[in-house]
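Worksheet: the structure to be examined is printed underneath.
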Amino acid sequence: MLASVASCAVIGLNGALVDIEVDIGPGLPTFTIVGLPDTAVQEAKERVRTAIKNSGCAFPNRKITVNMAPADLRKAGPAYDLPIAVGILVASGQANASTPKSVFIGELGLDGTVRHVNGIISMVSTAMEEGFSQIFVPKEDAPEASLIPNVTIYPVQTLGELAAHLRGEAPIVPFTNSTGWQDEAPIEGLTDMAEIKGQDHAKRALEIAAAGHHNILMSGPPGSGKTLLARSLPTILPKMYTEEALEVTKIYSVAGLLPKNRPLITERPFRAPHHTISYAGLIGGGRQPKPGEVSLAHRGVLFLDEMPEFAQNILELLRQPLEDRVVTISRVSGTITLPADFLLVGAMNPCPCGYAGDPVRECQCSPAAITRYQKKLSGPLMDRIDIHIEVPRVEFEKLASRGTGESSKNIRERVEKAREIQKKRFGNNPHKQNSNMTPADIRRYCQLNEKGQAILKMAVQQLGLSARAYHRILKLARTIADLEGHDQIQTPHVAEAIQYRRREIN
């Protein structure tokens, strides 16, 4: 008898429907899986065989052929265990063959339990778009699957339980999402701006960066608070829209990093990879391409501490995602594009020993060593960073003071107001900020008066700025004006934007 069961694959961040065709016919007892399966799928034969037996069902002692269509799509991972088992039960007459508009996803344990798989939200989303209305998923993944509307989610705990449901003996109760995901606690390890002593200039720069989605680089001696400042940035970023939360959740689901107790990520990501990270770790990749750090930081912050310690060829990989806000990974099996719209925050010491220009400790580095160290960050990469600031040593009086600074909540309110101005400016598009204005947008929204033009001309000539740097100063000035509620860019806004540009090394 022939049976057909629908399942789903994950390619990049998107799903793709897979038909599991099972034929049980006469011949020597064999179990064959075709349709470009990988090793994990081939091993499903033993998992499925044992799970069926331990679930109180009979495994057919006949010739079993499983075809996974389309045959030119590589099938990877254990998510096909459950649909293969269901196909065998239906083909052998142990379950109801009537499974229209149903998709089955899940890994099987040897005792018949149905286990978690990665990428559930992508697969359920694809199934819904293709017209399927009933999705059978592992019980553990039901909260995540329920984020997709207009489908009925059935949480499956064991294969035996699913077989009884398909026979009509003990129906599985559909999962109902009754939890308020929006009330989740923020990510641990982040710092409120009020707890940071001093560094008012750096806090101002971070506020501008958050308001206009501008990349920022902090330079200062060890212990001056660069990492603490970076970890406070997500607390002043605007809250994510539902669409953004689903985007981020999909990325983490496919990467297998979605916390069990958080089916929906509502706080902006903060990623801080170590400087020994590899190409695939930063950009993404692998035999079956998975998201890298630039995609895991999508809609959030990518923090590179000790930036010159990263391999130069790794840092240069950031050029394309900083401009295009996506990364493209090409492999023999195909090409996938992953989102990478992140806010880059870098931190570095001014020299190898860290104390160049420090008023207290003497620098032990030669001028040549300092230049060589700072040159590890190439000009093209530095040109893509809008804000360059010095983070000096904090004075004792400020460290010992009992007072606190302005809270992240208050700063976030100003940032959100500036973002609302930008949203209206760009046709109610919440994903377009001042930092990614086109030349046409700059010409329209970044008009300067004569004094502002004169100051900017002088800066371009004296600092040797590129055309990209010129445009970035205008974008930064536009953000500063938005924070202050001005329709037109004023001369002080241009002057402040210029001071955030990188100075040439003497």
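If the cut-off is a Cα-Cα distance under 27 Å, which lysines reach Lys239, setting aside same-chain residues fewer than 8 apart in sequence? Lys239 reaches Lys197, Lys203, Lys226, Lys250, Lys260, Lys290, Lys409, Lys417, Lys423, Lys424, Lys432, Lys475. A straight chain from Val394 to Asp19 at 0.36 nm per residue would run longer than the Cα-Cα distance by 128.7 nm. What the Cα convex hull of the stretch 193-427 gives, in volume per residue, is 142 Å³.
What percent antiparallel are the DSSP beta bridges of the chain, to the nearest 5?
Around 50 percent antiparallel, to the nearest 5.
May I ask for the net charge around Val173, where only other residues with Cβ less than 12 Å from the Cβ of Val173 are counted and Lys, Arg are +1 while Asp, Glu are -1?
Numbers: positive: Lys139; negative: Glu161.
Result for the local shell: 0.
When only the Cβ of Lys, Arg, Asp and Glu is charged (+1, +1, -1, -1), the dipole of the stretch 2-166 relative to its Cα centre reaches about 420 debye. Between Val360 and Asp72, the modelled labels are 6.6 nm apart [label points 7 Å from Cα along Cα→Cβ].
With point charges of +1 on the Cβ of Lys and Arg and -1 on the Cβ of Asp and Glu, referenced to the Cα centre of the chain, which listed residue (Pro273, Ile473, Pro367) lies farthest in the positive direction of the dipole? Most positive-ward Cα: Pro367.
Calculate I(q)/I(0) for the chain by the Debye formula, one identical point scatterer on each C-alpha and no solvent, and give its log10 at q = 0.11, 0.13 Å⁻¹ to two decimals. Values returned for q = 0.11, 0.13 Å⁻¹ are -0.94, -1.16. Charges were assigned to the Cβ only: +1 to each Lys and Arg, -1 to each Asp and Glu. The resulting dipole of the chain about its Cα centre is roughly 920 debye. When the Cα positions of Thr32, Leu108, Ile411 are compared along the charge dipole of the chain, Ile411 comes out farthest toward the positive end, with charges on each C-beta of Lys, Arg, Asp and Glu. The alpha-carbon of Lys63 sits under 19 angstrom from the alpha-carbons of these lysines, leaving out residues fewer than 8 places away in its chain: Lys45, Lys53. Two decimals is fine: what is log10 I(q)/I(0) at q = 0.18 Å⁻¹ for the stretch 354-450, from a Debye sum with one equal scatterer on every Cα and no solvent? With no solvent term, the Cα-only Debye profile gives -1.03. Taking the charge dipole of the chain about its Cα centre, with +1 at Lys and Arg Cβ atoms and -1 at Asp and Glu Cβ atoms, the residue from Ala51, Ser133, Ala495 reaching farthest to the positive side is Ala495.
A simple spin-label model places the labels of Ser378 and Asn96 6.2 nm from each other, with each point 7 Å out along Cα-to-Cβ. Every Cα-Cα pair in the stretch 437-506 was counted, and those over 13 Å apart are 61% of them. Charging the Cβ of each Asp and Glu at -1 and of each Lys and Arg at +1, and nothing else, the dipole of the stretch 353-506 about its Cα centre rounds to 560 debye. The slack between Thr32 and Asp192, meaning 0.36 nm per residue of separation minus the straight C-alpha distance, is 51.8 nm. Relative to the current alpha-carbon distance between Arg167 and His431, full extension at 0.36 nm per residue lengthens the span by 90.2 nm. For the chain, averaging the sequence separation of C-alpha pairs within contact (under 8 Å, six or more residues apart) and dividing by the residue count gives a relative contact order of 13 percent. Per-residue Cβ neighbour counts within 10 Å put Tyr154, Tyr80 in the sequence Tyr154, Tyr80, beginning with the fewest. Measure out, as a whole number of angstrom, how far apart the alpha-carbon centroids of the stretch 477-504 and the stretch 420-438 sit. So the two Cα centres are separated by 17 Å. Packing order of peptides 444-457, 8-21, highest average first: 8-21, 444-457 (average count of other Cβ atoms within 10 Å over each peptide's residues). Note on Ser407 and Leu463: with the Förster distance fixed at 35 Å, the Cβ-Cβ geometry gives a FRET efficiency of about 0.50. In the chain, helices alone account for a calculated mean residue ellipticity at 222 nm of -10000 deg cm²/dmol, with every DSSP H run of four or more residues adding -39,500 (n - 2.57). Starting from the amide H of Leu217, placed 1.01 Å from N in the peptide plane, find each other amide H under 5 Å away whose residue is 5 or more places distant or on another chain. Residues meeting the amide H criterion: Gly346, Ile387, His388, Ile389. Take the Cα of Thr276, go 7 Å toward its beta carbon, and none of the backbone nitrogen atoms of the stretch 376-406 fall under 16 Å from that spot.
Read the figures in this text as sums done on the coordinates, not as results from a lab. All values reported here derive from a predicted model rather than from experimental measurement. All Cβ positions, glycine included, derive from the backbone under ideal geometry; neighbour counts span all protein chains shown.
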